[in-house]
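The values are calculated or read from the model by the stated rules, or taken from the named source; none is laboratory data. Worth saying up front: this structure is predicted, and the values here are computed from it rather than measured. Please note: Cβ atoms are built from the backbone with ideal geometry, for glycine as well, and neighbour counts cover all protein chains shown.
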Amino acid sequence: MTGDSRIHNFNAGPAVLPLSVVEECRAALPNLKGSGFGLLEISHRSQTFQNVLDSAIARIRRVLSVPDGYTILLLQGGASLQFYMSALNLLRPGDAADFLLTGGWAKKAAAEAARIGDAQAIWEPSEEGYRRVPSDGDYAVREEAVYLHYTSNNTLYGTQFHHIPDSGGKPLVLDASSDIAGVPLDISAHDLVYAGGQKNLGPSGVTLVILSPWALSRVEGGAQQGGIPTMLNYSVHASSGSLFNTPNTFGIFVLERVFNWLEENGGLEASIARNEAKAALLYGELDRTSFWVPYADKDSRSVMNVTWRLADEALEPVFLAEARDAGLGGLKGHRSVGGIRASMYNGCHIESVEALVDFMQKFEANNS
Ligand SMILES: *Cc1c(COP(=O)(O)O)cnc(C)c1O
């Protein structure tokens, strides 16, 4: 495999990874770091793997500027398990938590938290089709809420917060699955940040969870402590350094290589600049002509997932088929929006976006 036959991959997740990382995986498969054990065959208790895990945690801490007192965990179960696990660990019986329902994932997070406590949506634009995120004045956090949960980037609808929402002084819980390490993020302003790996960080099956001292203290002092199943208890994973049970060793290896790639390419700041350049290019095309109809409101546009319709919706299947023939894959919009979605996570190279825009201009010329 040279990479030559790889297509321009706009999948929403699992998503494209830097080719250099994919090749590092291939090299490690038969023999990880000269240990004689293959990447898929090595013990999670070996020193070789411990070094990979330690390096992953150190790189995450550096790239994301995770404050010293915060705990970094690499778990399984995806962001979807965190919907429940975050509430289970942070809430005590009868406690309340508030949610900004900016899309499908936020809705699922609130639904899982409602199994634990008084979870309430304090803002939801569903009748507007989730085209924007709220401004601070649009909602009020309840006095009794223990925390405010939000989703920084709405993968399905292509909207994104470009500010930290006002939580009225309450702790903030963030699902950053689809924009972590690609946009500005002040971890110190949050108490719990979680992200499934398969969009910006690596493969599926590994989940990054970052906890403030407050978040960990909620678990340890919690009235539900005795009732929290072992595998769902943050303090169990924290005290065992994410090695309570067998972790996703492969996923952690890939994640460590992705953070290495980020560090070698200018860290978070350069990652943000690359993503802004890709977004400027594609939104520039969408705003150039009424042939395209961008989905999200301008102020809420996502730099990660760009969603649009064609003015003539009947042309959409033609667009997708011809795009695929031109070497552009993964562009079909989520069923809740329809149309086209281009996901341009950290691993997506600007050359792919240039190829997409070039194709779009030709398609318009051929169909106008
Ligand atoms: C993809 C996604 C999820 C679900 O992630 P899983 O790892 O599949 O559970 C949750 N939240 C957001 C914002 C996502 O983009």
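Listed here are the residues, each with its yes/no results for (1) closer than 29 Å to G182 by Cβ; (2) in contact with a helix residue (DSSP H, G or I) (Cβ under 9 Å, 6 or more places away or on another chain).
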{"site": "I116", "(1), (2)": "no, yes"}
{"site": "A119", "(1), (2)": "yes, yes"}
{"site": "S126", "(1), (2)": "yes, yes"}
{"site": "Y130", "(1), (2)": "yes, yes"}
{"site": "V133", "(1), (2)": "yes, yes"}
{"site": "Y139", "(1), (2)": "yes, no"}
{"site": "E144", "(1), (2)": "no, no"}
{"site": "N153", "(1), (2)": "yes, no"}
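Mind listing whichever residues of segment 1-16 are in contact (Cβ under 8 Å) with a residue 60 or more places away in the chain and either in a loop (DSSP other than H, G, I, E, B) or surrounded by fewer than 13 Cβ atoms within 10 Å (Cβ to Cβ) (or both)? I7, F10, N11, A12, G13, P14, A15, V16 - these are the residues of segment 1-16 that are in contact (Cβ under 8 Å) with a residue 60 or more places away in the chain and either in a loop (DSSP other than H, G, I, E, B) or surrounded by fewer than 13 Cβ atoms within 10 Å (Cβ to Cβ) (or both). When V236, V209 are checked against the criterion of being of a type in the set (V, I, T), part of a helix (DSSP H, G or I) and assigned by TED's automatic domain parsing to the domain that holds A79, a single residue qualifies: V236.
Residues considered: G137, G158. Of these, the only one that is of a type in the set (G, A, S) and over 26 Å from N11 (Cα atoms) is G137.
Kindly check whether there is at least one residue in segment 219-240 that is surrounded by 18 or more Cβ atoms within 10 Å (Cβ to Cβ), in contact with a helix residue (DSSP H, G or I) (Cβ under 7 Å, 6 or more places away or on another chain) and among the hydroxyl-bearing types (S, T, Y). Looking through segment 219-240, at least one residue is surrounded by 18 or more Cβ atoms within 10 Å (Cβ to Cβ), in contact with a helix residue (DSSP H, G or I) (Cβ under 7 Å, 6 or more places away or on another chain) and among the hydroxyl-bearing types (S, T, Y). Scanning segment 41-80 for residues that are touching a strand residue (DSSP E or B) at 6+ places or on another chain (Cβ under 7 Å), farther than 30 Å from P30 by Cα and assigned to a helix (DSSP H, G or I) returns a single hit, A79. Considering (1) at pLDDT below 95; (2) crowded, with 22+ Cβ neighbours inside 10 Å, the lone condition that T102 does not fulfil carries the number (1). Within the bounds of segment 122-136, is there any residue that is within 12 Å of the ligand (Cβ to nearest atom) and in contact (Cβ under 8 Å) with a residue 60 or more places away in the chain? No, because not a single residue in segment 122-136 is within 12 Å of the ligand (Cβ to nearest atom) and in contact (Cβ under 8 Å) with a residue 60 or more places away in the chain. Within segment 130-147, work out how many residues are surrounded by fewer than 24 Cβ atoms within 10 Å (Cβ to Cβ) and either within 21 Å of the chain's Cα centre (by Cα) or among the acidic types (D, E) (or both). Of the residues in that region, 7 qualify.
Please work out if L315 is over 16 Å from G284 (Cβ atoms) and in contact with a His (Cβ under 6 Å, 6 or more places away or on another chain). Against the criterion (over 16 Å from G284 (Cβ atoms) and in contact with a His (Cβ under 6 Å, 6 or more places away or on another chain)), L315 does not qualify. Scanning segment 149-177 for residues that are at positive phi and either modelled with pLDDT under 95 or crowded, with 19+ Cβ neighbours inside 10 Å (or both) gives a single hit, G158. Scanning segment 114-153 for residues that are of a type outside the set (D, E, K, R), closer than 24 Å to L185 by Cα and either not in a loop (DSSP other than H, G, I, E, B) or not assigned by TED's automatic domain parsing to the domain that holds I180 (or both) turns up A121, I122, W123, G137, A145, V146, Y147, L148, H149, Y150, T151, N153. When we screen L185, L174, L156 for residues that are within 16 Å of the ligand (Cβ to nearest atom), assigned to a strand (DSSP E or B) and out of contact with any Cys (no Cβ under 8 Å at 6 or more places or on another chain), the only hit is L174. The single condition among (1) surrounded by fewer than 22 Cβ atoms within 10 Å (Cβ to Cβ); (2) within 28 Å of L262 (Cα to Cα) that P294 does not satisfy is (2).
Which residues, counting only those in segment 72-118, are within 13 Å of the ligand (Cβ to nearest atom) and touching a Lys or Arg at 6+ places or on another chain (Cβ under 6 Å)? F83, L101 - these are the residues of segment 72-118 that are within 13 Å of the ligand (Cβ to nearest atom) and touching a Lys or Arg at 6+ places or on another chain (Cβ under 6 Å). Scanning segment 17-40 for residues that are out of contact with any Gly (no Cβ under 9 Å at 6 or more places or on another chain) and either surrounded by fewer than 18 Cβ atoms within 10 Å (Cβ to Cβ) or in a helix (DSSP H, G or I) (or both) yields S20, E24, C25, R26, A27, K33, G34, S35, G36, F37, G38, L40. Scanning segment 166-192 for residues that are β-branched (V, I, T) and closer than 21 Å to R142 by Cα yields a single hit, V173.
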